[in-house]
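The values are calculated or read from the model by the stated rules, or taken from the named source; none is laboratory data. Because the structure is predicted, anything quoted here is derived from the model rather than measured. Here Cβ is always computed from backbone atoms with ideal geometry, including for glycine, and neighbour counts include all displayed protein chains.
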Amino acid sequence: MYRHESGRPVFSGQASGCRSRDARLKTESMEREITDLRSKLKECEKERLKAAQYGLQLLERQTELQNQLDKCHEEMMTVTEGYNQEKYALQREVELKNRMLESLSCECEALKQQQKMQLEQLEMQLNRSHRQEVNDLKNKLEKLKVELDEARLSEKQLKQKLDHQEEVLAHRSEELRLMSEQRMLNSMSSEVLALQVELTEMEGVKTALQEEVNELQYKQEQLECANASLMHRVDRLQEEKEEREKEVVSYYNALEKARVENQDLQVQLGHALQQALDPNSKGNSLFAENKHVNVFQVDDRRVAMERQLNSMKVKYQSLKKHNAFTREQMNKMKLQISTLLRMRGSQTELEQQERLFAMLEQKNGEIKHLLGEIKNLEKFKTLYESMESKPSTSASPCSLEDSTYYADLLQLKLDKLNKENESTKGELSIQRMKALFESQRALDIERKLFANERHLQLSESENIKLRAKLDELKLKYEPEEKIEVPVLKKRREVLPLDVTAPEETPAASAIGEVSRLPLQREEKESCLNSLSGSAVRREPPASSAIQPASLSPCKSLPLEMQPKKEKKCVKLVDGPGSAEALREQSGNTPSSPRSVCPSAWPPAAFSIFPLSLPELCHAALSVFLAVCAL
């Protein structure tokens, strides 16, 4: 007896039947489950086959799509590269066209400037020719004016002489008429005739003296006219001299302008040659440009600074040559001016000597003429005394009584003429004394003036010669001034060397930069030594023992121990703080003098220089700018 599943008690017979039935039911249920599972398994296999087929189809489609995507990507890359190449070609064409336009515009401007210069030259030539013609016409006009004045003066003098001769002729005719009437009335004695003869002679002497006075006045007027003409000529020559000086100044300015343009063209030629020799300016590959932009920025800066340094060197050399040339020309001009001043002083002495000889000859002629007149007057005086001493024995008392009236009349006339003669002689002597006094005074003044001018010219020539010698001695013995490099209070770029980098090219470029820096420092030291000359005092090279190994610490290590660099970093360090640190390390106080020589710099400066390449180039450029300013 056992219990059924339902919990009811079952007996053994019933139990066996129930067991068989249960077993049958179980087997049937199991078969059904097996069939269901088999059907499900078949369905799962079918689904799996379908999924595998679908997966294969999807995989094939994915591979096809991937291949198509790769092809599209390759086509897109080729198209983009072609477009980029076309873009760069078009950019080059545009740049070429722009350059052609710039060159054409420059040529047009050059032609305009050339035409303008030719027009200015033609205007200057026309003005010069017009000025020359005007000066020639002025000279002719002045000559004609002088000739007209001389003709008028001579005409006036001739008119005065003619009037005087007419007066003398009328007076003589009147005297002859009176004498003929008196002879007709009565006969005169021999004494009266002698007195009349003496009277006529005295009148002749008077007229001769009057004519001499008139001649002297005429000569004085002619000299005044000649002096006025000479003054006009001196003024005209002074104006011509000023015009010539203006022309010389304009020519000198044009020459200086041409020299400046020549120097600019030489500098531009140097830049063009440097650009032609620059290897980085060749090629237009995208990869090379990207590499140039991303990797070699510091190298580009260094190349630009070296190019600028070379241009500054070229400018400095050209300015130095120009300065030496101008100094030599100034010394030559000073020596020429001193010699010209000496020659001018000797020429003025010769002119003064010739003028004094001419005046001496003129005065000697006047003295001879006056001596001849004195002899004639002495002859007349002796004749008059002899006539007075002779006694008149042949005259009768009747004739004497008759001729007393005429004798008294003639005596009165004779006394009157003697008084006039004495007055004219006194006036003539006074005028002669005044003329002699004025001439003597003028000679003294001219002598003093010429002596002062001679001393002035000699002193000027000596002064110019001494200045030329002083300039030569300065050029020979005096060194150039000491140049101090100013401390730059700016932010400086520092590229550290203790950072590793995966790429080999930046590390190699950085090591190349550090290896090139000692050579640049040696070039700057040699340049500064050549500029400072013999007068710059050098401090003991205590810090010169620093070798390039201190500048490139990576080179002192073996290749296995060198740290690998990952990337290039930029570190900003303030200028004033670093300058104070350098000053503290070197032991220099603010009052101690700073030396330009690199051998006197502290070791910290050399440890910083490889890390601040733009600062080093800027310092070198400031040195050359200071030299060019000097």
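Miscellaneous remarks
- Taking region 128-160 as the range and being under 33 Å from the mean Cα position of the chain (by Cα) and surrounded by 11 or more Cβ atoms within 10 Å (Cβ to Cβ) as the test, the residues that pass are Arg128, Arg131, Gln132, Asn135.
- Leading residue by the ranking (nearest to Ala468 (Cα to Cα)) among those in region 325-339 that are touching a helix residue (DSSP H, G or I) at 6+ places or on another chain (Cβ under 8 Å) and loosely packed, with under 14 Cβ neighbours inside 10 Å: Met330
- Residue in region 453-469 that is farthest from Ile337 (Cα to Cα), counting only those that are surrounded by fewer than 14 Cβ atoms within 10 Å (Cβ to Cβ) and not hydroxyl-bearing (Ser, Thr, Tyr): His455
- Every residue from region 215-262 that is among the polar types (S, T, N, Q) and touching a Lys or Arg at 6+ places or on another chain (Cβ under 9 Å): Ser229
- Some residue of region 420-436 being closer than 17 Å to Val197 by Cβ, surrounded by 12 or more Cβ atoms within 10 Å (Cβ to Cβ) and modelled with pLDDT of 80 or more: yes
- The set of residues from region 418-467 being of a type in the set (Asp, Glu) and either without any contact (Cβ under 8 Å) to a residue 12 or more places away in the chain or farther than 17 Å from Met359 by Cα (or both) comprises Glu420, Glu422, Glu427, Glu438, Asp444, Glu453, Glu460, Glu462.
- Considering each residue of region 342-351 in turn, none proves to be at pLDDT 75 or above, assigned to a helix (DSSP H, G or I), within 60 Å of the chain's Cα centre (by Cα) and in the same structural domain as Val205 (by TED's automatic domain parsing).
- Verdict on Glu166 being in contact with a helix residue (DSSP H, G or I) (Cβ under 7 Å, 6 or more places away or on another chain), assigned to a helix (DSSP H, G or I), modelled with pLDDT of 80 or more and not assigned by TED's automatic domain parsing to the domain that holds Gly365: no
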